[in-house]
Amino acid sequence: MRKTSIAAALPALALVVALSGCGSSDDESASEDGLTTIDVGISPFQDTYLPIIGQEKGWFEEAGLNVNLRSLAWNAAMPALISGDVDIAVNNTTGVVSVANADPEVVYAYGWNPFTEGSALMIRPDGGLETIDTVEDRVGDHDEARTEVIESLAGKTIVTTLSTDMGKQINDALASVGMDEGDVTFLDMDPDAGLAAFLSGSGDAYLGGVPQRGRALEEGMEIGLSGPDLAAPPINGAVTTRSFATDEEDALLAFIDVMHRIIRYCDAETEACATTITDRLNEETAAGLTVEGFAEYWQNIELYAPNAAAAEEMILDEQGVSYWKTTWDSDNAYLVETDAIPAAVDAETNFLMPQVWQAYVDTYGADQTDY
């Protein structure tokens with residue numbers, strides 16, 4: 001099994017594309033118009049591109065921020081943060097756990113987007129693998145069907161992006177039935193490249209992002225397993241450095257506030273939100289995500305917190321639909337077991353959402369409803 005190391009990922013920084021403006025200087029974050037300049041890394045998926053709405057609406061400026069959005073390949077986001085090329089990356093807990101041993105400064109600051117049903121293992125129709133629904137109809141039990149589907153992957157080739165949440169999802173699924181990466185063959189590729197390879201005939205199954213899932217469905221592929229049938233869901237949010245979270249707390253909280261505002265806007269004006277995101281996404285990727293597809297997925301296969309109260313209920317509450325500690329522990333288990341990291345990462349030092357959440361509520365409140 002090929003693993004993507006942090007060192008190997010560093011050249012991916014060359015893929016950085018500035019969507020607007022230029023980076024802030026190391027010694028000066030305040031621009032001439034009094035706005036605080038921050039660089040934010042986003043990756044080409046329908047959920048991590050949401051900050052584009054705030055930029056186009058002028059909401060970051062209203063919040064006192066000059067935000068430069070930089071489009072990064074998913075596996076380039078953490079190296080970009082470590083190098084100082086961005087101040088915040090829209091990423092998830094897996095990204096933090098994967099690099100925190102190498103750079104303890106990297107922290108998970110705040111989550112707003114549990115990827116509850118978003119992950120999907122795509123298979124070919126008549127390709128020798130069956131969907132969980134087909135198997136469940138035959139065996140009459142969901143858990144038994146899930147086990148049979150995962151066990152049927154033995155000896156198969158799976159196209160995904162290893163050492164990210166995507167690779168973690170399928171590895172967690174294998175581990176849950178007593179299998180491991182040695183029982184399958186992985187093709188480790190960037191999500192777009194992996195999808196192209198899968199659609200052209202490579203591999204028996206594919207796991208990527210939501211846009212790739214939509215494209216695969218359009219091309220006649222099927223969902224073998226998805227969501228919790230794979231593993232604990234990733235949680236997208238603001239990943240940053242400890243120094244930025246401390247020294248630029250006001251800017252971080254303002255950024256989070258705009259993200260909640262964007263989600264409330266997309267709840268109320270889903271088609272308009274979808275048009276903005278899909279237009280940009282389809283300009284920059286081969287995803288081919290439609291407005292209808294975006295609307296179908298919104299608050300369905302993944303959830304978005306419109307305010308701090310919802311974020312607490314989803315992520316911080318032990319009974320939440322995506323309790324953070326379950327995902328964090330799963331991240332550690334996968335990355336340690338696959339030798340991607342040398343040791344588990346302590347949540348007390350690198351998961352700051354409880355503290356940041358409280359600071360945010362103290363500043364902005366928990367129950368905003370308007371956009």
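Descriptive notes on the structure:
- If you go through segment 143-173 and keep only what is in a helix (DSSP H, G or I) and among the charged types (D, E, K, R), you end up with Asp143, Glu144, Arg146, Glu148, Glu151, Asp165, Lys168, Asp172.
- For segment 355-371, taking the residues that are exposed (fewer than 12 other Cβ atoms within 10 Å of the Cβ) and touching a helix residue (DSSP H, G or I) at 6+ places or on another chain (Cβ under 8 Å), the one that is nearest to Ser176 (Cα to Cα) is identified as Asp367.
- Test: Thr246 is in contact with a helix residue (DSSP H, G or I) (Cβ under 6 Å, 6 or more places away or on another chain) and part of a helix (DSSP H, G or I): no
- Odd one out for Ala238 among (1) part of a helix (DSSP H, G or I); (2) closer than 27 Å to Gly58 by Cα: (1)
- Members of segment 174-188 that are more than 20 Å from the chain's Cα centre (by Cα) and either assigned to a helix (DSSP H, G or I) or of a type outside the set (A, V, I, L, M) (or both): Leu174, Ala175, Ser176, Gly178, Asp180, Glu181, Gly182, Asp183, Thr185, Phe186
- Some residue of segment 79-86 being polar (S, T, N, Q), closer than 19 Å to Val40 by Cα and surrounded by fewer than 23 Cβ atoms within 10 Å (Cβ to Cβ): yes
- Against the conditions (1) open to solvent by less than 20 Å² (accessible area, probe 1.4 Å); (2) at pLDDT below 95; (3) in a helix (DSSP H, G or I), Asn282 satisfies every one except (1).
- Scope segment 101-115; condition open to solvent by 10 Å² or more (accessible area, probe 1.4 Å) and within 19 Å of Gly167 (Cβ to Cβ); matching residues: Asn101, Ala102, Phe115
- Residue match in segment 118-141 (condition: part of a loop (DSSP other than H, G, I, E, B), among the β-branched types (Val, Ile, Thr) and within 16 Å of Leu217 (Cβ to Cβ)): yes
- Residues satisfying the stated conditions in segment 189-212, i.e. part of a strand (DSSP E or B) and of a type in the set (Gly, Ala, Ser): Ala205
- Test for Phe294: is it farther than 25 Å from Ala109 by Cα and open to solvent by less than 30 Å² (accessible area, probe 1.4 Å): yes
- Counted residues, segment 311-351 - those being open to solvent by 20 Å² or more (accessible area, probe 1.4 Å) and aliphatic (A, V, I, L, M): 8
- Boolean, Glu148 is of a type in the set (Asp, Glu), under 25 Å from Ala251 (Cα atoms) and surrounded by fewer than 18 Cβ atoms within 10 Å (Cβ to Cβ): no
The values are calculated or read from the model by the stated rules, or taken from the named source; none is laboratory data. As the structure is a prediction and not an experimental result, all values here were calculated from the model. Glycine gets a Cβ as well: all are built from the backbone with ideal geometry, and neighbour counts include every protein chain shown. What goes into the accessible areas is simple: the full protein's heavy atoms, side chains included, and nothing from ligands, DNA or RNA. Shrake-Rupley method; radii C 1.70, N 1.55, O 1.52, S 1.80 Å.
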